[in-house]
Amino acid sequence: MYILLGIISFIAAVLLAFHELLAAFLLSIAAAIVFKAEGKTSMFRYSLVISIILFLKLIGNALIPIVMAALITMIFHPVVDYLHRKYRIRKAISSIIIVILLLLLFIGAFTYLFAIVINQAETVMRNMKYYYSTLPPQIKDMLSQALKDFDISNIFSIINVATSTLSIGFNAMIGIILSIYFLTDAESLLAMISRKFDLSQMRNFYNITSKYIRTQMGIALFVGLLVFTLSSILGIRFAILIGFLAGLLNLIPNIGFIITLFLSIIIVAVSSDHVFLDLAKLALVFTIDQVMETIITPRIMGQTFKIEPSLVILGLAIGGALFGIVGFVFAVPSVVIIRNLLFPEEPLKLVHEDNSEEL
């Protein structure tokens, strides 16, 4: 055991000069092995959490198809399980059918919806660039001072990234194919990980995360369609883009609405011929949206996480810094899981709105 630790430490020391993140990951694994061997359960949990975070950061872009496959599994695993129990349909067959339908839906959305969203975003960016060029020199100087060395033209690189569909499409295809295996083997994978790492709460972690993702996806779809419908009825330009942003950013707890509102105001301000009227319409749209969310969201969610708000904000900050939008989406369930790992004596669960716990 100690020879293995010495070898890992030596390799980490060599790699430290070339790749600090990899060295940190190997050292954290070595620490976890030692703590596990010595029976230091609490320290093993801390080391394991750090190791997982470092590993996810280490694999970088390779995480995209894995995350996509995990999302598909969490959303549709109950369907596959139901078809298997109720109608004796083999999990592999139902998984393939679901993935084929998702693939067709993805192709349709990618060729139609995403194309419109990207086109509208490009138009908004051009408008922003035009209005920026017409600003008085004094205001430009103030903006330059405020932004310091940030070049406003860098904003437009977002469009280039968004339009680089080859990489996005490839990762999506890999993720969809990988989801077939995840859907088929979800139960055995959970059991194997639980036995291997002695994580007795692994199934509870999976249930918490999958239920949260399913409900958040449902709410995001509802919000996106609602904002798009209201914006279209009121004649607001780029209603599809605003609705898409509203649905997508609704996946980010607490701050998603603020970001959506800020971006929507910019979109309307640089694209409307009647700015104040359209801003009033936009205010009406988001007022109705918030009222409907207050009424509908508890019914869709059914359950909420009873977790300290400070931990949620901390999770959002760390998750966003490490993993971007993916970190925002998974921040809340990740905080719940990490808290359960580090403080198993005070487990967090999904609770009903009437505060009665779900076992």
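The values are calculated or read from the model by the stated rules, or taken from the named source; none is laboratory data. Since the model is a prediction, treat every value here as computed from it, not as a measurement. As a convention, Cβ positions derive from the backbone with ideal geometry for all residues, glycine included, and neighbour counts pool all protein chains shown.
Every condition in (1) at pLDDT 70 or above; (2) of a type outside the set (D, E); (3) surrounded by 18 or more Cβ atoms within 10 Å (Cβ to Cβ) is met by M202 except one, and the failing one is (1). Selection of the stretch 104-119 for residues being surrounded by fewer than 15 Cβ atoms within 10 Å (Cβ to Cβ) and either within 24 Å of P333 (Cα to Cα) or touching a helix residue (DSSP H, G or I) at 6+ places or on another chain (Cβ under 8 Å) (or both) yields F110, L113, I116. Scanning the stretch 266-310 for residues that are within 22 Å of the chain's Cα centre (by Cα) and of a type in the set (G, A, S), we see that the one that is modelled with the highest pLDDT is S310. Cβ-Cβ contacts under 6 Å between residues 6 or more apart (or on different chains), taken from a first residue in the stretch 259-275 that is without any contact (Cβ under 8 Å) to a residue 40 or more places away in the chain and under 15 Å from Y131 (Cβ atoms) to a second residue that is outside any loop (DSSP other than H, G, I, E, B) and among the acidic types (D, E), are listed as V268/D278; S272/D278. Scanning the stretch 168-184 for residues that are of a type outside the set (D, E, K, R), over 24 Å from the mean Cα position of the chain (by Cα) and modelled with pLDDT of 60 or more turns up nothing.
Only one entry of I118, I96 meets the criterion of being farther than 30 Å from A239 by Cβ and at pLDDT 75 or above, and that entry is I96. Considering the stretch 83-103, the residues that are within 24 Å of the chain's Cα centre (by Cα) and within 13 Å of I177 (Cβ to Cβ) include one that is surrounded by the most Cβ atoms within 10 Å (Cβ to Cβ), namely S95. In summary, V80 fulfils each of the numbered conditions (1) at pLDDT below 85; (2) of a type in the set (A, V, I, L, M); (3) surrounded by 16 or more Cβ atoms within 10 Å (Cβ to Cβ) with the single exception of condition (1).
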